[in-house]
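Participant: Following this message is one structure expressed as structure tokens.
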Amino acid sequence: MILCIETATTNCSVAIGKKGKLLALKEDYSSSYSHAERLHLFIEEILRENDLEAKDLSAIAVSKGPGSYTGLRIGVSAAKGLCFALDLPLISIPTLRSLALQVKQEKDGFIIPLLDARRMEVYTAGFNSENKKVFDTRAEILVPDSFSEYLENANVAFIGSGVEKFSKICGHKNATFIKDKLPSAEQMIALAEEKFQKGKFEDVAYFEPYYLKDFQAG
């Protein structure tokens, strides 16, 4: 039984996975950040509504980033606090990898999640149809021919909060834009179960989110 926490974007999302399958999900899929107000409430509610107690959990999984600096800090702080209090292992899940799992792609196609950063910049990584990475996580300034090496050869599905601005400048026939989708704790479950079975845990004391870029005050 693994509690999954996703706060890398505006979606405050909590899920419970049992043996790698979704047991329950609670999320606030809004356009504003509500993590500070809702995260701990969601955790309490999802346990109570499923007749579970904290002692029933086997591990805590958290979305590690990249994403919102404040959102990541809130999620990781909550996860680490639970791990310390309950003496549970901590599992970290790459945010872009779990977001890519929302897409079912054809065999030769690619999935490129885009998380909105500043101006025309996004956080991105590339995956094939089997969720294997084809290029590493990076910050990229979008231009009309961004990702052309993938678009020329196959269908590419773009997903995430950065899709809106890229769809306005990219008119490639092989591009598919999946709008209004954000990372969710639901897709973390299978990845967390895999890491749990392999014993791939983080050091609770020293783990930090993967910000990719330094914090800048707005």
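No value in this document is a laboratory result; all are computed from the given coordinates. Quick caveat: nothing in here was measured; it's all calculated off a predicted structure. Virtual Cβ from ideal backbone geometry, glycine too; neighbours counted across all protein chains shown.
Participant: So how strong a dipole does the chain carry about its Cα centre when Lys and Arg Cβ are +1 and Asp and Glu Cβ are -1, to the nearest 20 debye?
Facilitator: I would put it at about 280 debye.
Participant: Return one quarter of the surface area of the convex hull spanned by the alpha-carbon atoms of segment 42-134, equal to its mean projected area, in nm².
Facilitator: 7.8 nm²
Participant: Oh, and also: What dipole magnitude, in Debye to the nearest 20, does segment 103-178 give about its Cα centre under +1 on Lys/Arg Cβ and -1 on Asp/Glu Cβ?
Facilitator: Around 180 debye, computed over segment 103-178.
Participant: Which of the trypsin sites (Lys or Arg not before Pro) found in segment 14-103 are in a DSSP loop and have at most 15 neighbouring Cβ atoms, other than their own, within 10 Å?
Facilitator: Qualifying residues, ordered by number: K19.
Participant: I would also like to ask the following. Would you mind checking K104/K198; K18/K200; K107/K198; K21/K64; K132/K165; K80/K104 for any pair whose Cα atoms are more than 23 angstrom apart?
Facilitator: Beyond 23 Å: K104/K198; K107/K198; K132/K165; K80/K104.
Participant: Still on this model: In what sequence do T70, T176, T137, T7 fall when counting other Cβ within 10 Å, fewest first?
Facilitator: T70, T176, T137, T7
Participant: Ignoring everything except DSSP H segments at least 4 long, calculate the 222 nm mean residue ellipticity for the chain; use -39,500 (n - 2.57) per segment, divide by total residues, nearest 500.
Facilitator: Calculated from helices alone, the mean residue ellipticity at 222 nm is -8000 deg cm²/dmol.
Participant: Another one. Could you estimate the translational diffusion coefficient of the chain from the Stokes-Einstein equation, with Rh from the Kirkwood formula over C-alpha pairs, at 10 °C and 1.306 mPa s, in whole µm²/s? Working shown, then result.
Facilitator: Numbers: Rh = 17.6 Å.
Diffusion coefficient, whole number: 90 µm²/s.
Participant: Taking Cα centroids, how far is segment 8-77 from segment 93-118 in Å?
Facilitator: Centre-to-centre distance over Cα atoms comes out at 20 Å.
Participant: If you don't mind, there's one more thing I want to ask. Tally the DSSP beta bridges in segment 75-218 and give the antiparallel ones as a percent, rounded to 5.
Facilitator: Within segment 75-218, antiparallel bridges account for around 60 percent of the total.
Participant: Counting only Cα, what are the radius of gyration and maximum Cα-Cα distance Dmax of segment 103-178, in Å?
Facilitator: Over segment 103-178's Cα set, Rg and Dmax evaluate to 11.1, 33 Å.
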